[in-house]
Amino acid sequence: MKRALTPPLAPYVDALPVPRRLRAAEHDGRLTVHMRAATHRFHRDLPESTIWGYDGTVPGPTIEAERAQPVTVEWRNELDRPLPVVVTIAPAAADDDGVPVQCVPGLSGGVRDEHAAALSGNTVVHLHGGLTPASSDGWAENLFAPGQHAVSHYPLDQRAALLWYHDHVMGVTKLDVYAGLAGLWVVRDERERELDLPEGPPFEVPLLIQDRNFDLDGADRLSGRLLHKTDPDVMEAFAPFTVVNGKVWPVLDVQPATYRIRVLNGSNARTYRLVLLRDDEPDLDRIVQIGTDHGLLRAPVRVPPGGLLLASAERADLLVDFSDLEPGTELTMLNTASAPFDGSSFPAADAEQAADLDGLLPYPHVMRFRVTAGIAAQRRIPRELATDYDPPAADALAGAPRRAIALVERELDGEPNMLTLRELAPADDDHSGPVVTITDGDGTIRYRVVAAQFEDTTTFFPMLDEYEVWKIVNLTGDTHPIHLHLDPFQILARHPIRHEIPADGIGERDLEATVTLGRDPDDELDHTIDDNERGLKDTVRVNPKEMVEIAVRFTTYSGRYMYHCHILEHEDRDMMRPFVTMAAELMPFMA
Ligand SMILES: [Cu+2]
């Protein structure tokens, strides 16, 4: 169903808010952030919403810090109202008119989840992208309740990058982040200053993009009450309204100058493919991407011709040149990615027609830029950016430990399918149970499942300062953004694969499958690594019929960390696992 709905809210009427900056250096590196219930207006024509926010705002303040200047944050949990989100599973995936229920506001016949309504505000804070000691990393089970507080130490001995902090509570991260518990965190360093990149307002603008839905009042008007709605077919919430820095479809007045736009997809589940349109035509050539999740790329790159693809938690650092544009020129940013995202392409030239109800994309709108009068100020784009990293050398990887993870979709009785994962380890020759056989550049290896749930025993013990190669095999029909805590990684390969899973091959814990490199005949994805992915990443999209290989080298801190899918509805239900980084000197003492 390609037809669009008429938006119930006027697009491009609210000015893009820029979150308050909280500069650590002005507070001797000691910050206090209060988690509070507050009210927030997501759109001019919406009633106020109750939210949970860091310092009571959506998004929270943007914390700015310098590389290697440690920051201590006292996270004060002062939440004094229950979860301000109505949570429901609608009884059917589409309404009587055939419109998918996730495309429209209101409960769509669902009942309010009373367990969610009873959530009082237990929290734990994770600094995503932070090179953080385990004790401050925000382990998903180390909660602090309203009235309790946590002090986290962030050494920040890491390169400049756009990080973000958000809630990470086991099982309900999807609800706590949706309620508003997310904010940006910028690390700055000398290399960026040498390059004379815009820093701070007005020419550096962060965009935190999320999708939200709202309940209806008794008269079927939008009530402003936040609504997390899923349905029997889709266990992730894909909300119809795109919110940038806390406003639905905002507009930003820009001078005719080069802007540094720092984009984060902070949605629960939705992937965006961002296209800039001018006079209904794609206008992507004025964008140059200079950085990714963990900061600067080695050289500037164009965004892919289809648009800038960002799954949940991925970031992009962009230079956008508005200097040639007349006052009054409007550039509209649209999203062309349908949901659940499966890696499919969509031509940028058709972005105006991207609305797709079956693809849970009723409104492609994201935001608009409007050029004002001013003196044109184009900025030179440096040819060389980062000089502090190289792709890992082949000999460094030759003997590196290999780890394998399979992403699987398990069918459940009377519930939507569960997207989850299986940790694998090579099976002994005499192993008799189900096996996953993977044939790739390392040969044919038979694996058995060694962990299926978060609580299962830890099986990954990476040694500090040693490269590892992780192979992530996607046996599902959706793209999963896989995120590792602690250090960034580099993407080595994106292989098309064929896989066969026998009937009942995906058990409660087991997995039986055969995976071989090579393209499935009906596979239309190109499985390439985009230029803007050849940097230091902490989240990588793993598409259907694909095996992604990453090289990661954990450094600095020993301890218990997590890796997981960053679709929050997936991570909350076991698409998340621990790993323990070990100092080399302790390895001889491990059993
Ligand atoms: Cu996932």
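The values are calculated or read from the model by the stated rules, or taken from the named source; none is laboratory data. All figures in this text were calculated on a predicted structure; none of them were measured in a lab. A quick note on method: Cβ atoms are made from the backbone with ideal geometry, for glycine too, and the neighbour counts reach across all protein chains shown.
When region 342-386 is examined, which residues are found to be under 27 Å from the mean Cα position of the chain (by Cα), farther than 21 Å from residue 247 by Cα, among the hydrophobic types (A, V, I, L, M, F, W, C) and not in a helix (DSSP H, G or I)? If the condition is that a residue be under 27 Å from the mean Cα position of the chain (by Cα), farther than 21 Å from residue 247 by Cα, among the hydrophobic types (A, V, I, L, M, F, W, C) and not in a helix (DSSP H, G or I), then 346, 354, 357, 385, 386 are the ones that fit. Of all residue pairs spaced 6 or more apart or on separate chains, those with beta-carbon atoms under 6 Å, a first member in region 568-589 that is touching a residue at least 12 places away in the same chain (Cβ under 8 Å) and a second member that is β-branched (Val, Ile, Thr) and near the ligand (Cβ under 10 Å from one of its atoms) are 574/420; 575/420. Cβ separations smaller than 6 Å between residues 6+ apart or across chains give the following pairs from region 325-339 residues that are closer than 16 Å to residue 351 by Cα to residues that are of a type in the set (A, V, I, L, M) and in a loop (DSSP other than H, G, I, E, B): 336/354; 339/360.
Among the residues of region 33-63, those identified as farther than 24 Å from residue 222 by Cα and either among the aliphatic types (A, V, I, L, M) or in contact with a His (Cβ under 7 Å, 6 or more places away or on another chain) (or both) are 33, 35, 55, 63. Tell me, yes or no, whether region 460-478 has at least one residue that is within 26 Å of the chain's Cα centre (by Cα), at pLDDT below 95, within 16 Å of the ligand (Cβ to nearest atom) and not polar (S, T, N, Q). The answer is no, given that none of the residues of region 460-478 is within 26 Å of the chain's Cα centre (by Cα), at pLDDT below 95, within 16 Å of the ligand (Cβ to nearest atom) and not polar (S, T, N, Q). A Cβ distance below 7 Å, combined with a sequence gap of six or more or placement on separate chains, defines the contacts here; from region 263-283, residues that are in contact (Cβ under 8 Å) with a residue 40 or more places away in the chain and closer than 10 Å to residue 567 by Cα reach residues that are in a strand (DSSP E or B) and among the acidic types (Asp, Glu) in the pairs 267/211; 270/211. Of these, 560, 553, which one is surrounded by fewer than 24 Cβ atoms within 10 Å (Cβ to Cβ), under 17 Å from residue 423 (Cα atoms), more than 19 Å from the chain's Cα centre (by Cα) and modelled with pLDDT of 95 or more? Residue meeting the stated conditions: 560. Scanning region 326-341 for residues that are outside any strand (DSSP E or B) and buried (at least 19 other Cβ atoms within 10 Å of the Cβ) returns 336, 337, 338, 339, 340, 341. Of the residues making up region 82-99, those that are surrounded by 15 or more Cβ atoms within 10 Å (Cβ to Cβ) and over 26 Å from the mean Cα position of the chain (by Cα) number 3. Highlighted here are the strands (runs of 3 or more DSSP E) found entirely within region 509-591 that include at least 3 residues which are away from the ligand (no atom under 16 Å from the Cβ): 513-517, 546-553, 559-565, 576-581. Pairs are defined by a Cβ separation below 6 Å, a sequence spacing of at least 6 or placement on different chains, a first member in region 479-506 that is more than 18 Å from residue 422 (Cβ to Cβ) and away from the ligand (no atom under 16 Å from the Cβ), and a second member that is hydroxyl-bearing (Ser, Thr, Tyr) and not in a strand (DSSP E or B); the pairs so defined are 487/555.
Applying the condition of being surrounded by 15 or more Cβ atoms within 10 Å (Cβ to Cβ) and modelled with pLDDT under 95 to region 410-433 and asking which residue is nearest to the ligand (Cβ to nearest atom) yields 419. Of the strands (runs of 3 or more DSSP E) that lie entirely inside region 1-94, those containing 2 or more residues that are more than 22 Å from residue 156 (Cα to Cα) span 30-40, 49-54, 85-89.
Annotation note: Cβ proximity below 9 Å between a residue of region 213-233 that is crowded, with 19+ Cβ neighbours inside 10 Å and a residue that is in a strand (DSSP E or B) and at pLDDT below 95 (sequence gap 6+ or interchain) occurs for 230/416; 231/416. Has region 145-166 got at least one residue that is farther than 30 Å from residue 187 by Cβ, at pLDDT 95 or above and surrounded by 24 or more Cβ atoms within 10 Å (Cβ to Cβ)? The answer is no; no qualifying residue exists. Counting only residues that are among the acidic types (Asp, Glu) and more than 25 Å from residue 20 (Cβ to Cβ), give me the strands (runs of 3 or more DSSP E) lying completely in region 216-272 with at least 3 of them. Here the list is empty.
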